[in-house]
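Peer 1: Mind looking over this structure? Questions follow.
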Amino acid sequence: MSHRHAPINPMCKNMLHGGDYNPDQWIRTPEIWDEDMRLMKLAGCNAASTGIFAWAALEPEEGKFTFDWLDTIMDKLAANKGYAVLATPSGSKPAWMSRAYPEVCRVNADGTRQPHERRHNHCRTSPVYREKCQIINAKLAERYKNHPALLLWHISNEYNGGDCHCDLCIEAFQNWLRKRYNNDIDALNHAYWAAFWAHTFPGFDYVRPTDRSIHCLMLDWERFKTYQTIDFYKDEIKPLRQHTPNVPITTNFMNGHDTLDYWAFAREVDFISWDSYPNWHEGNDVDEAVKTALLHDQCRTMKQGKPFLLMESVPSIPTRGRVKKRKEPGMHMLSSMQAVAHGGDGVLYFQWRKSRGCSEKFHGAVVDHEGSEHTREFKEVAEVGTALAKLDDVVGSSAQPEVALLLDWENGWAIREGARVFLGENCKYREECAAHYRPFWQMGVPVDVIDQNCDLSAYKMVVLPMAYMLRPGFADRLKGYVHAGGTAVMTYWSAIVDESDLCFLGGVPGDGLREVFGVWEEETQSYYPHETVPINPVKEIAEGLSGYYQAVDICSVVHAEGKTKILAEYGDHYFEGMPAVTVNNYGDGRAYYIAARTRGSMLSDLYGHLIKDLGLKRAIDTDLPHGVTAQVRGSAHEQHIFLMNFNAHTTDVLVGSGYVDILTGESVSKNVELEKYGVRVLRRTA
Ligand code: GLA
Ligand code: ZN
C-alpha cells in the first residue's frame, strides 16, 4: 500500500463532485439543460455521470443512432469546464431489443422468460446482447474519444448477481464446471459430497443451480455468476480500450451486498467506484458510520490503497429503507467527507435533477422539482462543493494501515449457503466483521479490509472474524505470518471448511491452524436472542480484559492445548470455567482466539490493549470521545487528518497545537470543538 497515487485520471487533479446526470429525461425542455449548467457551476460540480439509462434515447430503433442530444450535452459540459463520466447504457435495454431478441431477457428457475420491464436484468451470456452492447459502446467511444469532456468511463450500472436460468447460461455454467473440475465428474461429486441423499451426478449436463441442499453447488453458482459478469464486462469494454486506451474505466459496485465477488472484479477495473446508501437517523448513526467506514476502507484496499470514487450517494432522502428520513443538517457534509477521509477522491450523487415520474421521482437529488438553488439540499451540496475544492492536496493520497481485517466474499457466500442451516439467523457475518472493526474506528486506527488472496506481511495485526471457509493456501500463509512475528486474532466459527464447503477432518480450527492458535473447538452452538453467557477475565494475565462480559448468539466450547494461555473464561453453563479468550505464542508471533460472539466492551478492551502493545499508529494521538473517529490520508510530511463526529451533540477533541483546519483556514490550538455531525480536516503545520 502506497501513500501516493496518481489522480484517477491525471487530466483532472481536483476532487470530483457531481452525479448521475440524465438529460435524456429532459429532451423536450432543452432550456433545462442550460439551467443545469448554471446550477452545476453554483454547486461546485465538475463531474456528470451521463447516459447511464439512455439506450432508448441513443438507439431508438435497431441500428438508428441519435447522438445529437448527447453531442450538445458533452459540448455544454466542456464549455462549463465540467467532465463527463460517460456511461455505457447496458444497465437497461430498449424495448425493441427484447421484442426482436427475447434471449436478452433473463429466465426464471421455472423456465419462464422475464418480461421486458424494470432494469439490471439482461442475460449475461446472450451473444446478441453482448454484440448489441459492443456496437453502441463502439459508437460512443468513436464519437467522443477526442472530446474534452470525456474523463472516465462508467460501465453499465450496478451489475448484480441475479439469476438467469436460460439454456445459454446453464450451458455456460456446465462448461465452467467442466473446467473447474478438469472434466472429472467424480471430482465434482466429491466436492459436492453428492453421495448424501443419492445426489450423485452422472454427468456435467445434469447439474442445475437450483438445489440449495448442495452447498458447494450454490457456491459454484455464485462463483460462476461473478465469472460470467466479468466476462460480459470484458466484452463491453473491448471497444473502449480500442478507441480510448487512456480513459480510465470503472463500474459502480454495490459494496456491502452479497452479490458479485468484487475482489475478483477489482482486478479488471482501473479504479474502484461504489454506491453508498446508509440509513442515517434510522437507528444509531454511530453504528451506521462504522458499517459505512468499513465499506469505504474495503474499496480503498481492493486496489492496494488507490483512491476510489463515491459514485452514488444521496444528498437528502433515499427512497429505500423502511422509513424515509431526510439527512439532518450537517449529515450531508459529514457523510461526504467520510468517503474522502477513507480514500475517496470524489463525491457523486444519484441524481443531479429529480425525475418528474416513475419509481424514483421522490428520491433526493441536487435539484428539486422546485428547480432553484434555494433548497436546503442544493445549499448543502454546494457547501460540499466548496469544501472539496479546498482538498486538492488530498487527491491521490492514501492511508497505510498496520491492521487488516479479513472480510472475504466467498466466505460470506459460504456462510450464507453452508452455515445458514446450522446457525440460522445468528450467522450475521458482516455484522460481526463490523463489530471487530469498530474498536479501531473508535480509536482512530486505520484499517485495511482484505480478502484471502491479500498479502499479510505488511500488517502488524490481522483480525479474522468467522473465517469459516479457507481457500487453499491461506492457512499456510497465516501460519507463516504468525510464525514470523505477526499477531492474529481469530474467532469462533473459523477454519471449518475448505473451498468446497467440505468440513476439515481432525478438529476445528482445521487446515493446520489448531497448532497455531493452540485450541480445539469441540462444540459450537447458537442461542436465542434472550440468552446470554457470562465471560470473566482471568484477572492476573488478562491482556486489557477487566470487565464482566457476555456471550450472545454463538458460543463455542474450546479446549486450550499445549501452552496456550486462557485470558477469559465462561462463567456459567455446563462449560463454566472453560476458555472464552486465549492466546498462544507461535514462532515469533501471537495467535488470539475468541470463542464466542460478545456484547459490551470486550472487543474494545482487548483491541485497545493490542493497539498499545503493538504500538499501532493512530491518526491522531489522543483519546477520541464516543462516536468520534479520526482518519488519516498521506504520510507524515503531508498528512491530512479527518475528525468526524457522528453524534447528534457537540463534543470536544483534544488535538494539541500544530494544526490548521483547511476547511476554515483557522489554526487549531489544543481543543477542537466538533458540533453535532461536525467534521474538521486538519493539516499538520509543524
Ligand atoms: C442505485 C442505482 C441508481 C438509483 C439509486 C437510488 O444505486 O444505481 O440508478 O436507482 O440506486 O435508488
Ligand atoms: Zn441467460
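Peer 1: What's the total number of residues in the range 55-85 that are away from ligand 1 (no atom under 16 Å from the Cβ) and either of a type in the set (Val, Ile, Thr) or under 25 Å from residue 162 (Cα atoms) (or both)?
Peer 2: 3
Peer 1: Related question: Could you check the range 161-172 and list, in sequence order, the residues that are surrounded by fewer than 16 Cβ atoms within 10 Å (Cβ to Cβ) and within 16 Å of ligand 1 (Cβ to nearest atom)?
Peer 2: Selection gives 162 alone.
Peer 1: Among the numbered criteria (1) within 12 Å of ligand 2 (Cβ to nearest atom); (2) farther than 18 Å from residue 168 by Cα, which one does residue 121 miss?
Peer 2: Tallying (1) within 12 Å of ligand 2 (Cβ to nearest atom); (2) farther than 18 Å from residue 168 by Cα, residue 121 fails exactly one: (2).
Peer 1: Scan the range 219-231 for residues that are surrounded by fewer than 21 Cβ atoms within 10 Å (Cβ to Cβ) and among the hydrophobic types (A, V, I, L, M, F, W, C) and jot them down.
Peer 2: Residues satisfying the conditions are 224, 230.
Peer 1: Okay, moving on. Read through the list (1) in the same structural domain as residue 306 (by TED's automatic domain parsing); (2) at negative phi; (3) touching a strand residue (DSSP E or B) at 6+ places or on another chain (Cβ under 7 Å); (4) small (Gly, Ala, Ser), then give the number of the only condition that residue 355 fails.
Peer 2: It fails just one condition, (3).
Peer 1: Filter the range 259-281 down to the residues that are touching a helix residue (DSSP H, G or I) at 6+ places or on another chain (Cβ under 7 Å) and among the aromatic types (Phe, Trp, Tyr), then identify the one that is farthest from residue 220 (Cα to Cα).
Peer 2: 280
Peer 1: Need pairs with beta-carbon distance below 6 Å; first residue charged (D, E, K, R) and within the range 106-132, second away from ligand 1 (no atom under 16 Å from the Cβ) and outside any helix (DSSP H, G or I); sequence gap 6+ or separate chains.
Peer 2: Listed pairs, sorted by first residue: 106/114; 106/123; 106/164; 113/105; 113/107.
Peer 1: May I pose another question? Take residue 90 and decide whether it is among the polar types (S, T, N, Q), farther than 23 Å from residue 366 by Cβ, away from ligand 1 (no atom under 16 Å from the Cβ) and in the same structural domain as residue 240 (by TED's automatic domain parsing).
Peer 2: no
Peer 1: Does the range 437-471 hold any residues that are of a type in the set (S, T, N, Q) and either in contact with a Leu (Cβ under 8 Å, 6 or more places away or on another chain) or not assigned by TED's automatic domain parsing to the domain that holds residue 505 (or both), and which are they?
Peer 2: Passing the criteria: 442, 452.
Peer 1: List pairs: first residue in the range 152-171 and within 14 Å of ligand 2 (Cβ to nearest atom) and among the polar types (S, T, N, Q), second residue at pLDDT 95 or above and in a loop (DSSP other than H, G, I, E, B) anywhere in the structure, Cβ distance under 9 angstrom, at least six positions apart or on different chains.
Peer 2: 160/120; 160/121; 160/254; 160/260
Peer 1: Out of the residues in the range 372-413 meeting the condition of being small (Gly, Ala, Ser) and within 18 Å of the chain's Cα centre (by Cα), tell me which one is surrounded by the fewest Cβ atoms within 10 Å (Cβ to Cβ).
Peer 2: Here the residue is 412.
Peer 1: Taking the range 196-217, which residues are over 18 Å from residue 421 (Cβ atoms), over 33 Å from the mean Cα position of the chain (by Cα) and part of a loop (DSSP other than H, G, I, E, B)?
Peer 2: 200, 201, 202, 203
Peer 1: Give the number of residues within the range 88-125 that are of a type in the set (Lys, Arg), in a loop (DSSP other than H, G, I, E, B) and either open to solvent by 50 Å² or more (accessible area, probe 1.4 Å) or under 14 Å from residue 232 (Cα atoms) (or both).
Peer 2: Of the residues in the range 88-125, 3 are of a type in the set (Lys, Arg), in a loop (DSSP other than H, G, I, E, B) and either open to solvent by 50 Å² or more (accessible area, probe 1.4 Å) or under 14 Å from residue 232 (Cα atoms) (or both).
Peer 1: Sort out which residues of the range 629-645 are hydrophobic (A, V, I, L, M, F, W, C) and without any contact (Cβ under 8 Å) to a residue 60 or more places away in the chain, and write them in order of number.
Peer 2: Residues satisfying the conditions are 636, 641, 643.
Peer 1: Looking only at residues in the range 10-52 that are open to solvent by less than 20 Å² (accessible area, probe 1.4 Å), touching an Asp or Glu at 6+ places or on another chain (Cβ under 9 Å) and assigned to a loop (DSSP other than H, G, I, E, B), which one is nearest to residue 348 (Cα to Cα)?
Peer 2: 15
Peer 1: Just checking, does the range 598-609 include any residue being within 27 Å of the chain's Cα centre (by Cα), surrounded by fewer than 21 Cβ atoms within 10 Å (Cβ to Cβ) and hydroxyl-bearing (Ser, Thr, Tyr)?
Peer 2: yes
Peer 1: Looking at the structure I just gave you, is residue 357 over 27 Å from residue 429 (Cβ atoms) and touching a Pro at 6+ places or on another chain (Cβ under 9 Å)?
Peer 2: No, not satisfied.
Peer 1: Now for a different question. Of the conditions (1) outside any loop (DSSP other than H, G, I, E, B); (2) open to solvent by less than 70 Å² (accessible area, probe 1.4 Å), residue 179 satisfies every one except a single condition; which number is it?
Peer 2: All conditions are met except number (2).
Peer 1: Could I ask something else about it? Does residue 648 satisfy the criteria of being crowded, with 23+ Cβ neighbours inside 10 Å, in contact (Cβ under 8 Å) with a residue 12 or more places away in the chain and in a loop (DSSP other than H, G, I, E, B)?
Peer 2: No, not satisfied.
Peer 1: Turning to a different aspect of this structure: Under 6 Å between Cβ atoms, at least 6 apart or on separate chains: pull out the pairs that start in the range 659-681 with a residue that is farther than 22 Å from residue 627 by Cβ and open to solvent by less than 30 Å² (accessible area, probe 1.4 Å) and end on any residue that is modelled with pLDDT of 95 or more and in a loop (DSSP other than H, G, I, E, B).
Peer 2: Cβ pairs passing all conditions: 662/390.
Peer 1: Assuming residue 146 fulfils every condition listed in (1) more than 16 Å from ligand 2 (Cβ to nearest atom); (2) surrounded by 20 or more Cβ atoms within 10 Å (Cβ to Cβ); (3) part of a loop (DSSP other than H, G, I, E, B) apart from one, which condition is it?
Peer 2: With respect to (1) more than 16 Å from ligand 2 (Cβ to nearest atom); (2) surrounded by 20 or more Cβ atoms within 10 Å (Cβ to Cβ); (3) part of a loop (DSSP other than H, G, I, E, B), residue 146 is out only on (2).
The values are calculated or read from the model by the stated rules, or taken from the named source; none is laboratory data. Just so it is clear, the model here is predicted, and its values are computed rather than measured. All Cβ positions, glycine included, derive from the backbone under ideal geometry; neighbour counts span all protein chains shown. Each accessible area value is taken on the protein alone, full model and side chains, heavy atoms only, with ligands, DNA and RNA left out. Shrake-Rupley method; radii C 1.70, N 1.55, O 1.52, S 1.80 Å.
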